[in-house]
Amino acid sequence: MTVQDEPRRGRRPPAFTIPDSPASSRASSPAPDLKLDEKYEGNGYDSAPGQHSSDVYDVTLPKWRAAIRRKIVERVQVESKVVAKIQDMVRRPWLDVYFVYTSLAGSHTFFMIMLPITSRALVIVLAAGVYLSSVLKDLFCAPRPFAPPVVRLTIGTFHLEYGFPSTHATNSVSIALFFFTIAYQVAYTPDPSIPALISPAAFNTITGLLIFYTFSIVFGRIYTGMHSFTDCVMGTILGAGIWWGHTSFPGLPLALSASNPLAVSLSTLGLGQFVGADQWVLHLGAGLGTGAIVDNWCRSAGWDVPLILIPICLLAVNQHPQPVDDCPCFEDAIAFGSVVLGAQLGLWSRFKFGTHLPVPSIMPGSGWARVLVIFVWRIVAKSTLHLVLPPTFRLLSKAFRLPNRRFYTPATEYKNVPSEFHVGEDGTIELHAIPSVIDLPSSAGVIEETGGIGSGTSGRSHQTGEKGEKVNGKAAHNEEEDRHYEKDEVKHYDADVLTKVTVYAGIAYLACEGLPWLFHWLGWGVNSSVRI
């Protein structure tokens with residue numbers, strides 16, 4: 001990547017990109033009525049998510065979803081011009097680098113990587129954000145800002161998702177509020193006899209950093225042309241709402257004199273409470289505390305915990321809205337939702353079977369053993385389920401109609417799911433690369449889109465090679481990758497859905513409870529920092 005001279009104000013800087021990411025592994029299956037797009041063929045029409053003709057969505061979606069989508073698209077059309085003007089004024093090569101790469105810190109992929117060192121509460125907050133934002137994305141199938149007039153800077157495969165709302169904004173706001181409440185509670189303890197863990201100055205510094213982080217993520221989505229203002233506002237509201245519903249934060253105390261007109265007015269509405277005869281206090285931002293309620297239930301209840309949580313998870317998967325386009329939102333929602341299921345079942349089993357551990361010791365090698373066991377679990381569980389589920393589905397389909405999502409091939413239409421293992425050219429048995437590793441955004445490239453995406457003009461993108469050379473047109477892949485994509489036809493299989501639920505729930509359970517207990521029993525010791 002090369003840093004180019006700063007452009008003159010009012011002009012967009014030259015292309016900023018590095019090698020493009022591989023093509024999506026999600027096969028494109030035609031949604032209903034896509035033949036309505038035929039009149040656009042040959043005119044540079046790009047069928048990215050949300051970019052089909054409006055007739056496709058009006059015919060395919062229920063009337064209420066189509067009506068809301070039209071309103072959102074109207075806002076996107078107006079705001080695309082505003083975003084383009086902002087880009088004209090503020091874009092600089094170094095800002096391109098900053099906002100593109102800091103966007104990774106607000107992605108669900110980043111938080112999946114950080115799961116081993118996060119808390120159970122944070123996992124649930126993030127999972128709720130990913131799931132609910134993906135529900136809204138697939139519910140309304142709204143496009144991202146149109147390019148042109150905007151120049152869209154993207155990394156990885158985020159551009160394959162719908163635009164409304166911004167998952168980045170949802171995640172960044174909820175995580176900032178999450179850490180803000182922790183910092184506040186350790187800086188200002190309710191009991192004066194308990195010393196604070198951090199000083200007010202440190203709390204102010206942390207608050208400033210969290211505000212800067214949130215601004216970088218949310219404004220960065222507008223700067224890079226990936227989201228409209230409406231997308232970011234809705235994502236911000238969603239993230240704040242998720243945090244508020246989950247947290248048990250008592251709130252920031254607002255104290256007024258009992259005779260203050262505002263205190264009198266709010267007290268008549270049932271808000272706040274009088275402390276003594278001369279003071280009224282309102283706690284701003286007090287949470288509902290549903291997270292603590294669910295955790296306490298998992299700790300104290302019996303077999304009703306798995307009997308309720310598992311059907312809820314499967315119902316959430318089954319009832320996820322059907323999109324018009326082949327959008328990856330659904331798979332992300334499955335992954336995070338299943339992680340929450342595994343974590344909560346782990347909490348339940350810890351208290352149900354008495355597997356909660358004393359203060360663990362840290363032993364060298366336990367971390368690598370944990371990774372190895374989870375790696376083996378993923379391979380074995382996925383391979384086994386791919387072998388067992390398709391014939392099971394075919395047998396059940398003879399008795400009743402099984403649910404099936406659009407773009408997912410039912411078991412009655414294929415013989416088997418490709419194995420995790422394959423025979424190499426030299427006759428040796430090889431293991432397919434793990435998608436969750438090879439598809440990380442850190443190894444992907446940045447694409448600058450300047451046309452084609454919903455613009456009615458020919459699409460054009462630029463990439464810059466590792467040595468700084470510029471490549472126009474399609475993504476730059478090595479010859480081995482090109483042969484792979486030409487030779488292998490990748491499709492969605494219905495067995496993949498239940499497989500993903502089981503695999504990710506199992507990973508969370510192993511990381512939370514199974515492996516810590518096993519290593520403690522073996523006398524290996526565990527690192528307490530990895531328990532969520």
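Observations
- Residue in region 291-309 that is in contact (Cβ under 8 Å) with a residue 24 or more places away in the chain and in contact with a Pro (Cβ under 7 Å, 6 or more places away or on another chain) present: no
- Between L345, L315, L309, the distinction of being surrounded by fewer than 13 Cβ atoms within 10 Å (Cβ to Cβ) and at pLDDT 90 or above belongs to L315 only.
- Look at region 174-195: where a residue is assigned by the TED database to the domain that holds L132 and among the small types (G, A, S) and a partner is open to solvent by 40 Å² or more (accessible area, probe 1.4 Å) and part of a helix (DSSP H, G or I), sitting 6+ places away or on another chain with Cβ atoms under 8 Å, you get A176/I211; A176/Y213; A183/I206; A187/P200.
- Which listed residue, of T170, T189, T205, T154, is open to solvent by 20 Å² or more (accessible area, probe 1.4 Å) and either at pLDDT 95 or above or under 30 Å from D325 (Cα atoms) (or both): T205
- Residue list for region 272-306, filter: part of a loop (DSSP other than H, G, I, E, B) and open to solvent by 70 Å² or more (accessible area, probe 1.4 Å): A277, D278, L288, W303
- Scope region 196-241; condition touching a residue at least 24 places away in the same chain (Cβ under 8 Å) and part of a loop (DSSP other than H, G, I, E, B); matching residues: T224, G225, M226, H227, S228
The values are calculated or read from the model by the stated rules, or taken from the named source; none is laboratory data. Model, not experiment: these values are computed from the prediction. For neighbour counting, all protein chains shown are included, and Cβ atoms are generated from backbone atoms with ideal geometry for every residue, glycine included. SASA here: full protein model, heavy atoms, side chains in, ligands and nucleic acids out. Shrake-Rupley method; radii C 1.70, N 1.55, O 1.52, S 1.80 Å.
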